[in-house]
Amino acid sequence: MVHIAAEEEAAFWDWAAVETLRHSGVRIEELCELSHLSIRQYQRPDGEVIALLVIAPSKTDRERVIPMSAELFHVIASIIGRHVRTGRPIPLVSRYDPHDKVWSPPMPFLFQRQNGAVPAVFNPGTIQQMIQRRCLALAEVHPGFKGLKFTPHDFRRIFITELVNSGLPIHIGAALLGHLNIQTTRGYVAVFDEDVIRHYQEYLQHRRQVRPEGEYRDSTPDEWSEFEEHFDRRKVELGACGRPYGTPCQHE
């Protein structure tokens, strides 16, 4: 019975860590620093209440706020429910920061569990081991994943790639990740040709909907022929040898 309880405990925290990383895009040190105090709410003018996750300053030394999706809210609520299921509040625990080499004041950290008789906060190394354990378990069920390794930062890239490929402006994605330079965010995003074409078509369709219908019409056969002929003339003018514009071509 004790063995089953230990396996359930490990499975829960593996799930909680992976899902929080996947749905928030936080860095691993930011994950370990999440506390009950990180949860806020914002009420919009129409009365809708938005759950927020406040990320403490870390790499950029700037606090940022992430609106929680339904999936992320479910994970955070499950973690809190696990801590308070005995009727007691979340234990106040001090966390050691390996970078600054200092202990934090006692706080209700979300990613903590009993270490013997004393609660302790997860450290980044433990989170990495948990993810690797999930990779090994996945490979046993799906052999195609054998040898695959995930890092906490991979989930950060997956998070922003899914958002940007779904139409989120990249500068908003940069704010969610805590990037000061939008070029850093671009390096995280894997944009595929099909996504570029699809988003551009959606942009054009939206643009047509907000403009008068009379401004748009189908091109005539003559107009299309003239358009194609333009490219034929351009090939003759520029050639295919990469010479400077306006200079003679030995292939003509």
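Miscellaneous remarks
- Peptides 29-36, 110-117 ranked from most to least packed by the mean count of surrounding Cβ atoms within 10 Å: 29-36, 110-117.
- Sites F145 and A11, calculated FRET efficiency, Cβ-Cβ separation with R0 25 Å, nearest 0.05: 0.90
- Span per principal axis, largest first, for the Cα atoms of the stretch 52-106 (Å): 33, 26, 13
- The spacing between the stretch 76-149 and the stretch 1-74, judged by their C-alpha centroids, is 12 Å.
- Dipole of the stretch 1-137 [Lys/Arg +1, Asp/Glu -1 at C-beta], most positive-end residue of V75, L31, L136: L31
- Pair-distance profile P(r), taking every C-alpha pair of the stretch 27-165, with 10 angstrom steps and integer %: 10, 33, 36, 18, 3, 0
- Accessible-area order (highest first, 1.4 angstrom probe) of the listed residues M107, M68: M107, M68
- Potential lengthening of the chain between R134 and S225 amounts to 26.9 nm, from the contour at 0.36 nm per residue minus the alpha-carbon distance.
The values are calculated or read from the model by the stated rules, or taken from the named source; none is laboratory data. Remember, it's a predicted structure, so these values are computed and weren't measured experimentally. Positions of Cβ are backbone-derived with ideal geometry, glycine not excepted, and every protein chain shown enters the neighbour counts. Heads up: the accessible areas ignore ligands, DNA and RNA and are worked out on the full protein's heavy atoms, side chains in. Shrake-Rupley method; radii C 1.70, N 1.55, O 1.52, S 1.80 Å.
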